[in-house]
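Reviewing the structure listed below.
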Amino acid sequence: MTKKIKNKNNNKRLVLPIILSTLIVIIMAFTFKPLLTNTKFGLDLSGGFEVLYQVKSVDGSKLTDSMVTNTYKTILKRIDVLGVTEPNISIEGKNKIRIQLAGIKNGDEARQILSSTANLTFRDVNDNLIMNSSVLVSGGAKVSTDQTGNPAVGLTIKNKDLFLEGTTKISKMESGKNLMVVWLDYDNLTDSYNKEGTQCGTTSSNCLSAARVSEGFSSDVIIEGNFTQAEVSSMVDLINSGSLPTKLTEISSNTVDASFGANSLNKTLFAGIIGVLLIVGLMIALYRFAGLITSITMILYTFLVFLVFYLVGGVLTLPGIAALVIGVGMAVDANVITYSRIKDELYEGKSLKTAFVNGNKESLVTILDANITSMLVAVILFVFGESSVKGFATMFVISIFITVVVMFFGTRYILKLFVDSGHFDHKIKLFLGAKPKLVQNVSQNEKKTYYPVKKFDFVSNRKLWFLLSGIIIVGGIISIATSGFNLGIDYKGGSNITINTTEKLIKEALTKDATSLGLDVVSTETTNNGYSIRVTNAMGKDSVIDAGNYFESKYSATTDISVVSNIVKNELIKNAILSLIIASIGINIYLTIRYRFSYAIGTVIAILHDALIVTGIFSILKIELNSIFIAALLAIIGYSINDTIVCFDRIKDTLDNRDKEVKHESELKDVINTSIRQMFARSLITSMATLIPVATLLLFGSHEIYTFNIALFIGLISGAYSSIYIAAQVWFEIEKRKIGKVKHKKGRWSDYIDHDEVHEMKVKGINS
């Protein structure tokens, strides 16, 4: 009777977590599609036009921040003319402006409008030109006030004689027509002060102001009117942008056909869905009910990433989707670490409730360490990356943040409700896939003795692992030294002409066509959507327009042309090297503070190992290396750190839990072997969970992120390998030399410093 009542109470406790899980699924089912629909897509997913300008002063004078900012504002106003609803325009560095116009169809028109010099003119009410910006001091407009204290625009005059002549001429016109009309980018075909429905100061008009002039002026003046503070500030910016002595030099550009972008989106989303479904199947197979809950929260994680990305106004690109997929693998990793810890507790004879609490507690610091170091890499990518790399970094940062929130609070809270219900107290196999026969009898002081690789010695053959890695690395270095890399235009400079067509064309003929246009052809290749011609020339805007018209008229095919100048190439290379150096230094400092210097050395060597393995294989196989490769390399570093920290965390725990200090090399070997045996299954599962979505992106995803995915695939395998066979073994080589000198204290955060250093003197009654 008591058992029935207990079961009945347990069933009642199941109601809340079941309802909560169901609500999450229902909410996501009804809101996910609208959220995805309203997300802004980048050029590679929706098509459009992208251009990077270098801002220069016309007269060779020093370029100031205000000149660049006002040029930016002028371009922003011009974009309104193009009818682009979601433009993405940003200032990069000190003198570059990047413009992305997703969905635009006429790239040539956009290029013409954007690159023309801002033209400020002063006209009468009949649209006759009176003066131009030459009468003003460059950037001489400023926010001021009139005699009554109302907001007004102050103008600093440079050519006072010409200004006196112009204002005198307007002042002598009949009453009501003695207005000085200020125009920015006046178009005599469409603009007119007397045009019906057009008002000065509105977004649809190029007319900025119409000020009454009662007499001639030969000094600085104030434009008065019934202006608000915001209107005055806007007018000042626009007048200054029109009077700035700046010019725009196009240093890179890219056009993507809309159908080409949509095809890339569909392929990548399909690959992502397949990858997520495979992970769901893997988690349920391994962790049964807990795996099902993980799958639900994993989909919640994906939903929240899209939601946050939408709220911060992010632009989703192909690398961004790739970052999301990698984030899924890292989110699964957080659960696998926790479940491995819970299983260990269960196998030591703990109850499910106790094991759940202890397992979550033990895994908390490991997960935080892994995500903090990954976040460090993501932030460095965001700071130093540009364009698609910055898009990847944005999604990566959001993914890491949501991983911590969802996995710490979402999965943990829901599972705790099920654990507290008592329904799974004697169903640990159903709940977590734990095997009851491996649970030890605590009363007999039994401890867990089963591990999948119990008899494998990870340390004794370390020289063999070093030799294996060394052969691959040396082979890669020789390849790099002798034949270099297959550099894409991002790192080599030049242009890439993509001809989008389903018709079968002759590559030799296309090469001849490009040569006839004065282009130096490097290669002509077949792609998934047509043909690609790579040339050494950094094509100017006129050359881009001519080439596009030529191929369109001859083959009835659309063209996407990407251009990278030497300026952009050098900046990318500099940022790539800087990113890697800063990431390595930052990780080293964090791990030295968090653990010990020997742990940091092992981690950094493992990172360098993975970077050299990936770059070496790319050189040997002659896989094209482009700008997104650096994002892949830093993502690999983030993953490698994640895996290495889990390994080192186990080693540190094993050391802390020993009853006596390590006094012999054999004991140190035992520490490492015991630790790796405990985390080996987790490392294998995590690697599989992360490799699955990458593999699906390789098989089914867009060709445009092939380089990114192949780098990740190689790097993830290398990262899983290096955490066990490189990082841990390097740590062993360092620590074995300290046997008898180093005293390991218990406590996860107590070992901040190297204890070889001078110890504090203990004085009774003061610090002892």
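The values are calculated or read from the model by the stated rules, or taken from the named source; none is laboratory data. All values reported here derive from a predicted model rather than from experimental measurement. As a convention, Cβ positions derive from the backbone with ideal geometry for all residues, glycine included, and neighbour counts pool all protein chains shown. Note: accessible area is taken over every heavy atom of the protein model, side chains too, but ligands, DNA and RNA are not part of it. Shrake-Rupley method; radii C 1.70, N 1.55, O 1.52, S 1.80 Å.
Computed quantities for the displayed model
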read-out	value
Apportionment of accessible area to carbon and sulfur, segment 264-403, percent (1.4 Å)	75 percent
Per residue value of the accessible surface for segment 646-737 (all protein chains in place, 1.4 Å probe), Å²	33 Å²
Net charge of neighbours whose Cβ lies under 10 Å from the Cβ of residue 428, counting Lys and Arg as +1 and Asp and Glu as -1	+4
Distance (nanometres) between label positions extended 7 Å along Cα→Cβ at residue 91 and residue 608	3.9 nm
Label-point separation, residue 472 to residue 660 (7 Å along Cα→Cβ), nm	4.0 nm
Amide H contacts of residue 457 (H built 1.01 Å from N, under 5 Å, at least 5 apart or other chain)	none
For residue 558, residues with placed amide H under 5 Å, excluding near neighbours	500
Additional length obtainable on full extension of the chain from residue 20 to residue 382, 0.36 nm per residue less Cα span	126.7 nm
Stretch gain in nm, segment residue 171-residue 189, where the contour uses 0.36 nm per residue and the Cα spacing is subtracted	3.8 nm
Linear extension gain, residue 310 paired with residue 145, 0.36 nm per residue minus alpha-carbon span	55.4 nm
